[in-house]
Amino acid sequence: MDHLYKVFRKLDGANYEKEYVNRIQFPTTVNVNLKIKPMNNNNQYELYYLPSKKIHTLIANIYQNDNEIKSYIEKLPEVAKQKFILETIADELLNTNEIEGVRSTREEIVRSVKNIASQTPTKDRFSSMVHSYMKLSYDELTKLKDAPDVRKIYDLLLEEEINNEDLPDGEIFRAENCEVLRKSGTQKVIHKGVFPESKIIEKINELIVYLNNETDESLLIRVAITHYYFGYIHPFYDGNGRCSRFISSMYLKEEFSSLTAVSLSKGCNAQKNKYLEAFDVTNKVINRGELNFFIETFLEILKESQEDVIAQLKEKEYILDNFYELLINDKYFDGKQKYVLDIFFVLGQDTLFSSEKGLSVSDLSKIFKLSEQTIRKVLKDLEAHDKIDDYGKKPKLYFISDKYFE
């Protein structure tokens, strides 16, 4: 089945109109009780979609991929598992920023993630976003109840990241009109957000009711549709995309692993043109509120993000297995206390799974419930035998030496 915006290009006006009526009246068509008014048009259109084999296949693939992700992550030792999740969060933050043209480096985000994960007091840039994604990963957030909850999410996520002149100036959301410009080329106006604020609040509340409506309709479809609708409403001057992707991830976490939930932005950025086109097409008057193209695009992006995570996990598992084989065949550990080998294995997990590698004496002491004096003694001997290196001061950080892999 061609999407309706493509049908418009193939048929004359009368037949196009007939096709639209047929679609909205088809027995299996799902009307979602949300309406849009395309730009420069007087008509409102009810959002709808037609359940299709493609949508059902994508949903099945996403659940299957998530089971595979869970299987891989559960097999990893604890430190490797936590490091992989933190690295995925760092990737997600970098990508959600890149989509919006917000400059950030992986190094500064990884540093912020590491500091917050270790509960180190920090004023690092993007710390509010890191805190938010950590809360999401550890199930510390609850469902939205009403429009003020969306503002709370916005403040939690972006309070330190938005310029003062772009902060919300209404009761909850923006008080003035807002236009969306094409991100490249002409800077043409392609969408105008809902206005006035009372209408924004009304539509955000409608969005929340639909998102929380646990019927037979798949959570994935509800998340995809509300992801579109949030962009259509455009309740803030700045930060709409980052806020919307965070809310989508928050709801995905209800039924899927953290790694599926926090891989959405990476996929959206990898397929940025396709992602933005889905909004553009769905907003057009010739599309008349049909959601199939957006739902399919959203689900394809999520599926491909999962496949990337699976590929990374396979590679990491293989590298870790090789390291462990090297470790158990190392004569150095013969006759040593078991905790010596365990400490070295944990350092290996950190080295292989972290882009900013290195664990401190204090880190290792907490992991193994051993005194810092014992940890220092073990590390000193490992370093003397060229098995580990260190860098930094206060604290000094230890990692597996490159020489060990030669």
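The values are calculated or read from the model by the stated rules, or taken from the named source; none is laboratory data. Everything numeric in this text was worked out from a predicted model, so none of it was measured. Don't worry about glycine lacking a Cβ; one is built from the backbone with ideal geometry, like all the others, and counts go over all protein chains shown.
For this structure, a couple of remarks:
- Search result, residues across the range 21-40 that are in a helix (DSSP H, G or I) and in contact (Cβ under 8 Å) with a residue 12 or more places away in the chain: 23, 24
- If the condition is being part of a loop (DSSP other than H, G, I, E, B) and more than 14 Å from residue 238 (Cβ to Cβ), then the range 144-162 contributes 144, 145, 146.
- Test for residue 80: is it over 18 Å from the mean Cα position of the chain (by Cα) and surrounded by 20 or more Cβ atoms within 10 Å (Cβ to Cβ): yes
- On the stretch given as the range 343-391, residues that are of a type in the set (Gly, Ala, Ser), closer than 21 Å to residue 73 by Cα and part of a helix (DSSP H, G or I) total 1.
- Where a residue in the range 160-177 is closer than 24 Å to residue 203 by Cα and its partner, wherever it lies, is among the basic types (Lys, Arg) and modelled with pLDDT of 95 or more, with Cβ under 6 Å and at least six apart: 168/174; 172/151
- Test result for residue 134, of a type in the set (A, V, I, L, M), touching a residue at least 60 places away in the same chain (Cβ under 8 Å) and not in a loop (DSSP other than H, G, I, E, B): no
- Residue count for the range 191-226, restricted to those that are small (Gly, Ala, Ser) and free of Cβ contacts under 8 Å to residues at least 12 places away in the same chain: 1
- Which listed residue, of 43, 15, 67, is in contact (Cβ under 8 Å) with a residue 12 or more places away in the chain and not hydrophobic (A, V, I, L, M, F, W, C): 43
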